[in-house]
Amino acid sequence: EIALHNGLDFYQNVPCGEKTGDPAQFDTFEKLYDAVLAQLKPTIDRFAVHKYLNYKIAGENAPYLHLSLLLNDCIARGKATFEGGVRYLNASSEMFGIISCADSLTAIKTLVYDDKKLTLPELIDVLDHDFEGHDDIRHMCLSAPKYGNDDDYADDIMKDIFTYYRDCVTGRPNTKGGFYRIN
């Protein structure tokens, strides 16, 4: 959504992402895809910092003592969960909406770049108006390939996004000397 509006949250009319260019200039799917990844990267980075601070501040101010009583390592060490009590702190980053993102990109790739049924600016305009008066385009989007249906065309886009996300997250240090994973 934000890549389709050059970093602007269209509904709130506020800038909230990177300036990735005028989508009318995305004459290949690769250019659009690069813009999407350029929007994801700083969001993933901010989330990693947020997660780090969440564990750090929780450890200092809200040690979850009741939870800590249920964990053997915490009892044996005499420390709360976020104060180093647990042997393995599940420091993970969660991503929601990845399949919707992949399905949306697959529909755009199919309709705009492969089948050339619409231009990207035309599709963006229809999306901005919630398909009002364009049930035909809504049906085309719904009929595009979807992830999870044994269709490599759609599945490969999802795998690419997931791999990008995994590579951005995995290996970042957490507050307890370990590393983040994805969830």
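The values are calculated or read from the model by the stated rules, or taken from the named source; none is laboratory data. Bear in mind that the values here come from a model prediction, so they are computed numbers and not experimental data. Please note: Cβ atoms are built from the backbone with ideal geometry, for glycine as well, and neighbour counts cover all protein chains shown. In case anyone asks, the SASA skips ligands and DNA or RNA and just uses the protein heavy atoms, side chains included. Shrake-Rupley method; radii C 1.70, N 1.55, O 1.52, S 1.80 Å.
Could you tell me which of the residues GLY17, GLY84, GLY7, GLY21 is on the phi > 0 side of the Ramachandran plot and touching a strand residue (DSSP E or B) at 6+ places or on another chain (Cβ under 9 Å)?
Unique residue meeting the criteria: GLY7.
In segment 61-74, what residues are open to solvent by less than 100 Å² (accessible area, probe 1.4 Å), over 13 Å from TYR88 (Cα atoms) and of a type in the set (A, V, I, L, M)?
ALA62, LEU67
Among the residues of segment 143-177, count how many are under 23 Å from ALA24 (Cα atoms) and part of a helix (DSSP H, G or I).
2
Mind listing whichever residues of segment 1-26 are touching a residue at least 12 places away in the same chain (Cβ under 8 Å) and either farther than 19 Å from LEU111 by Cβ or in a loop (DSSP other than H, G, I, E, B) (or both)?
ILE2, ASN6, GLY7, PHE10, CYS16, GLY17, GLU18, LYS19, THR20, GLY21, ASP22, PHE26 - these are the residues of segment 1-26 that are touching a residue at least 12 places away in the same chain (Cβ under 8 Å) and either farther than 19 Å from LEU111 by Cβ or in a loop (DSSP other than H, G, I, E, B) (or both).
Are there helices (runs of 4 or more DSSP H) fully within segment 27-119 with at least 3 residues that are of a type in the set (Val, Ile, Thr)? List them. Spell out the reasoning first.
Working: elements: 29-61, 65-68, 72-77, 98-108.
Answer list for segment 27-119: 29-61, 98-108.
Do we find that ILE98 is over 30 Å from ALA62 (Cα atoms) and either more than 22 Å from the chain's Cα centre (by Cα) or modelled with pLDDT of 95 or more (or both) in this structure?
No.
Could you pull out the residue among ASP151, ASP160 that is charged (D, E, K, R) and open to solvent by less than 70 Å² (accessible area, probe 1.4 Å)?
Exactly one of ASP151, ASP160 is charged (D, E, K, R) and open to solvent by less than 70 Å² (accessible area, probe 1.4 Å), namely ASP151.
Mind listing whichever residues of segment 1-16 are out of contact with any Asp or Glu (no Cβ under 7 Å at 6 or more places or on another chain) and either polar (S, T, N, Q) or more than 17 Å from ILE98 (Cβ to Cβ) (or both)?
LEU4, HIS5, LEU8, ASP9, TYR11, GLN12, ASN13, VAL14, PRO15
Within the group LEU127, LEU118, LEU142, LEU111, which residue is over 29 Å from ASN54 (Cα atoms), open to solvent by 80 Å² or more (accessible area, probe 1.4 Å) and either modelled with pLDDT under 95 or over 18 Å from the mean Cα position of the chain (by Cα) (or both)?
On inspection, the qualifying residue turns out to be LEU142.
Hey, can you tell me all the residues within segment 14-46 that are small (Gly, Ala, Ser) and surrounded by fewer than 17 Cβ atoms within 10 Å (Cβ to Cβ)? Show your work before the answer.
The initial filter retains those residues of segment 14-46 that are small (Gly, Ala, Ser), namely 17, 21, 24, 35, 38.
Matches in segment 14-46: GLY21, ALA24.
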